[in-house]
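Take a look at the structure below.
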Amino acid sequence: MGIVVDASVTLSWCFPDEQTPLFLKVLYRLNAGEEALVPAFWPVEVLNSLLVGEKRGRISPEQTRAFLSDLAELQPMVDHTSVEQVFETIQMLAAITD
């Protein structure tokens, strides 16, 4: 079993003013060996936010590289759900739970 991690949780690990005890607990569990499951757009969303952080002076390019290296060590499993699965199967399942 794994933990689904979105960009907001991930980025909180880089930006201390965005951290919460729950988000830090997720990081602890991942560092302890649980698997990170991330949506397909996660790498782009995380990188974009880090680059914006650089432009705003929140982090340095070196910090970005170090953070990305740390994330790579977690070996997140990227979800590659097809458009058809989202538009058909997942939509149908979502309708059932409403």
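Coordinate-derived values only; no laboratory data. If you're wondering where the values come from, they're calculated on a predicted model, not measured in any experiment. For neighbour counting, all protein chains shown are included, and Cβ atoms are generated from backbone atoms with ideal geometry for every residue, glycine included.
Out of the residues in the stretch 30-48 meeting the condition of being among the charged types (D, E, K, R) and outside any loop (DSSP other than H, G, I, E, B), tell me which one is nearest to the chain's Cα centre (by Cα). In this case the residue turns out to be 45.
Looking at this structure, is residue 58 farther than 25 Å from residue 86 by Cα and touching a strand residue (DSSP E or B) at 6+ places or on another chain (Cβ under 9 Å)? Criteria not met by residue 58. Among residues of the stretch 34-92 being over 18 Å from residue 15 (Cβ atoms) and among the aromatic types (Phe, Trp, Tyr), the one that is surrounded by the fewest Cβ atoms within 10 Å (Cβ to Cβ) is 87. Would you call residue 64 among the polar types (S, T, N, Q) and under 21 Å from residue 2 (Cβ atoms)? For residue 64, the condition - among the polar types (S, T, N, Q) and under 21 Å from residue 2 (Cβ atoms) - is not met. Residue check: is residue 27 surrounded by 10 or more Cβ atoms within 10 Å (Cβ to Cβ), within 11 Å of the chain's Cα centre (by Cα) and outside any loop (DSSP other than H, G, I, E, B)? So residue 27 passes the test.
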